[in-house]
Amino acid sequence: MPHPASIQIVGDVQGSVESRFTDSGIVVTRFRLVSSPPRWDQAQGWVPGPPLHYVCTAWRDLARNAAESLVEGTSVLVFGRVTEVREDTQWLSVDELGVSLRARIAYTEEALPGPAAAAPVKSAPAMPPRPAPRPSAPGAAPEPAEARVLHNVAGYNAAGWGPADIRPRPADFRPAPNHL
């Protein structure tokens, strides 16, 4: 769990990740991090701010796992404490570290995909055939669009409510109780 006085940073690993051992055998990993937090510009809206530079130091198991997981360009989330400020660089002692899933997929050792997941995808899956429209009686009103359930390839309805046979019920939309 992050230390109560931790700061949180999202940035990209820059350069190589270096690991060393102390005289007592404790592993220490150090890496550089560059973050460009967005800032508001009235003419352009949100734009990347000036880059902020950090030197991050992780210890023990976190250090070992960081050395095995991080390479240059990896987008990470860092929870840590500022230990020193030199010129325009802040030095952090890392409490927690995670890979950002915004641009990549990460697997834990317990959830590694099977061999089928490693096979390259040659083309998109075929769309399931559409059912033939039901003939309506002459002069009958057409079925309203709200009555039809649209399905996507994964078998979920168009509203994204789980499998096609599970539809939202009015009870799902009850207002929260007012506890004032």
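What follows is calculated from the coordinates using simple rules that are stated; it is not laboratory data. Model, not experiment: these values are computed from the prediction. Positions of Cβ are backbone-derived with ideal geometry, glycine not excepted, and every protein chain shown enters the neighbour counts.
Side notes on the structure shown:
- Members of segment 89-116 that are out of contact with any Leu (no Cβ under 8 Å at 6 or more places or on another chain), touching a residue at least 24 places away in the same chain (Cβ under 8 Å) and not in a strand (DSSP E or B): 102, 103, 104
- Number of the exception - residue 64 against (1) surrounded by 11 or more Cβ atoms within 10 Å (Cβ to Cβ); (2) within 16 Å of residue 9 (Cα to Cα); (3) more than 22 Å from the chain's Cα centre (by Cα); (4) not β-branched (Val, Ile, Thr): (2)
- Residue list for segment 78-91, restricted to those being hydrophobic (A, V, I, L, M, F, W, C) and either over 23 Å from the mean Cα position of the chain (by Cα) or loosely packed, with under 15 Cβ neighbours inside 10 Å (or both): 82, 85, 91
- Verdict on residue 76 being in contact (Cβ under 8 Å) with a residue 40 or more places away in the chain, closer than 25 Å to residue 101 by Cβ and not small (Gly, Ala, Ser): yes
- Output for segment 19-44, where each listed residue is in a strand (DSSP E or B), within 28 Å of the chain's Cα centre (by Cα) and without any contact (Cβ under 8 Å) to a residue 24 or more places away in the chain: 34, 38, 39, 40, 41
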